[in-house]
Amino acid sequence: MAATVAVILAAGQGKRMHSRLPKVLHRIAGRNLLQHVLAATREAGIEDNVIVIGHGAGEVKAALGEKQKYAYQEKQLGTGHALARAREAAGEAGTILVLCGDTPLIRPATLTGLLQQHRDTGAAVTVLTARVADPTGYGRIIRDGQGQVKGIVEERDATPLEKAINEINTGIYCFAAAFLWPALARLKPDNDQGEYYLTDVVALAVDQGLRVEALVAGDAEEVMGVNDRVQLAAAGAVWRRRINTALMRDGVTIIDPETTYIDVTVTVGRDTVIYPGTFLEGNTIIGAGCCLGPGTTIRDSRVGDGSTITYAVVLESTIGPGCQVGPFAYLRPGTNLEREVKVGDFVEIKASRVGRGSKVPHLTYLGDAMVGAGVNIGAGTITCNYDGRQKWPTIIEDGAFIGSNTNLVAPVKVGAGALVGAGSTITEDVPAGALALARERQVNLPSRGKKGDEKRQEKG
Ligand code: UD1
Ligand code: CA
């Protein structure tokens, strides 16, 4: 049997989005709209996908990559015209599955069902339809007295009677290539928009006495098109519910699924509890038995089993098992916490490794630092890693104790087991086991608070 190619129409601007970004690049649940459609066709077993691009083609290509097959539609003259542009890229495929780039909720199983019906019936066209409560904006499916599909009428060309039909065109179809390609060449732009409508191909098939099939989608929600930002948010909510439901079924506790935002690319281990206002994004892997949130963002990061992260922002970082982060911590890219590390409130860490069991409990900045195991970093400690031109490393070896309010002027190293006195500004390496004091000696004046005392003391 001849192969199947999926063609995804995505050359339009998406005027109703009022955006400088092409519509299909708007994102929900960690993927742009086009990537959601591509994921569905791939999961339905279709490896050969052609995307028709035009408006913002450069941006779409940059987002989807060079490996993807593209066809170009220079001028957006309608969906029929767009599909015709894919003729060459589709090659000799016998079955063409057409989708729009703006239907991110379509399920792989629905596509498989559509392809199956198309093959089983040997139809020239099989269109996926849906019965919806509000058909506004969609093409309407016209059936004859026997229930056979006769054609599709766009809303703006529909009579009041046709507008009342609530079975809509989802914009997803299967075509026999032998019928499709010649039919597209016969389309005429005689409609309200002056465009070449792909939907007119259905009536052409009927005219030729060919078989036209329709599959009514069981779930109207999954064929919803995103044309404006209201629909973008609605589609996002559907994805959120799907993802959160799947996670809960797999043993993750989500206190409030409505306010928990997890990308489709994220995995979460069993018995992890997620509090409201938590965003898990990108390539993030969360272990089992963790406690996340409330008010936490974790992006492109890995979190080990049994860690707790509260009111924190974690970006491109690795957090080992049994760690405690937050409240109010900011872990920037390149942070690597080993096992059982504690990072407390108002701590920022960047491009640094913190060894097993070390504590950074409060009010600290660690940048470009290598911190060993069992280290205690006192409140208010700052690595001065930037000299205005370049970043320098700080090394703090195992078991060192850094007193509160210390400045570590990098490059600098504090040896194993060393102790740095509170309030020190450390500019030179501290040997292992040493006590470093780098601060003014305290002066006690005999009578407190009298003006001039300090000056007299200095002179004397
Ligand atoms: C289209 C269908 C309508 C269906 C609806 C389902 C037509 C004429 N109408 O309407 O019956 O109910 O989808 O969501 O097909 N595109 C191009 N080049 C163009 C025009 C459009 O690539 O010249 C692409 C768009 O980027 C988009 C898709 O085709 O991804 C659909 O275009 P859109 O303008 O959204 O069509 P609708 O008005 O929604
Ligand atoms: Ca649309």
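The values are calculated or read from the model by the stated rules, or taken from the named source; none is laboratory data. Source: prediction; values computed, not measured. Here the Cβ is made from the backbone with ideal geometry for all residues, glycine too, and neighbour counts use every protein chain on show.
You will find that of ARG87, ARG27, ARG16, ARG20, the residue that is among the charged types (D, E, K, R), touching a residue at least 12 places away in the same chain (Cβ under 8 Å) and more than 11 Å from ligand 1 (Cβ to nearest atom) is ARG87 and no other.
Scan segment 204-223 residue by residue and report those that are more than 16 Å from ligand 2 (Cβ to nearest atom) and modelled with pLDDT under 95.
Going through segment 204-223, the residues more than 16 Å from ligand 2 (Cβ to nearest atom) turn out to be 204-216, 218-219.
Of everything in segment 204-223, those that are more than 16 Å from ligand 2 (Cβ to nearest atom) and modelled with pLDDT under 95 turn out to be GLY218, ASP219.
Across segment 188-214, the qualifying residues are those that are away from ligand 1 (no atom under 15 Å from the Cβ) and touching a Ser or Thr at 6+ places or on another chain (Cβ under 7 Å), and the one among them that is farthest from GLY137 (Cα to Cα) is ARG211.
Counting the residues of segment 14-58 that are surrounded by fewer than 17 Cβ atoms within 10 Å (Cβ to Cβ) and among the small types (Gly, Ala, Ser) gives 4. For ASN244, the criteria (1) within 18 Å of the chain's Cα centre (by Cα); (2) buried (at least 18 other Cβ atoms within 10 Å of the Cβ); (3) in a loop (DSSP other than H, G, I, E, B) hold in every case but one, which is (3).
Mind telling me which of the residues ALA235, ALA246 ends up being within 16 Å of ligand 1 (Cβ to nearest atom) and either closer than 29 Å to THR103 by Cβ or among the acidic types (Asp, Glu) (or both)? Unique residue meeting the criteria: ALA235.
The strands (runs of 3 or more DSSP E) found entirely in segment 341-460 that carry 1 or more residues being in contact with an Asp or Glu (Cβ under 9 Å, 6 or more places away or on another chain), at pLDDT 95 or above and small (Gly, Ala, Ser) are 359-367. Of all residues assigned to segment 263-278, at least one qualifies as being outside the structural domain of ALA123 (by TED's automatic domain parsing), surrounded by fewer than 21 Cβ atoms within 10 Å (Cβ to Cβ) and either within 16 Å of ligand 2 (Cβ to nearest atom) or outside any loop (DSSP other than H, G, I, E, B) (or both). Among the residues making up segment 158-183, those that are under 36 Å from the mean Cα position of the chain (by Cα) and more than 16 Å from ligand 2 (Cβ to nearest atom) are ASN166, GLU167, CYS174, PHE175, ALA176, ALA177, LEU180.
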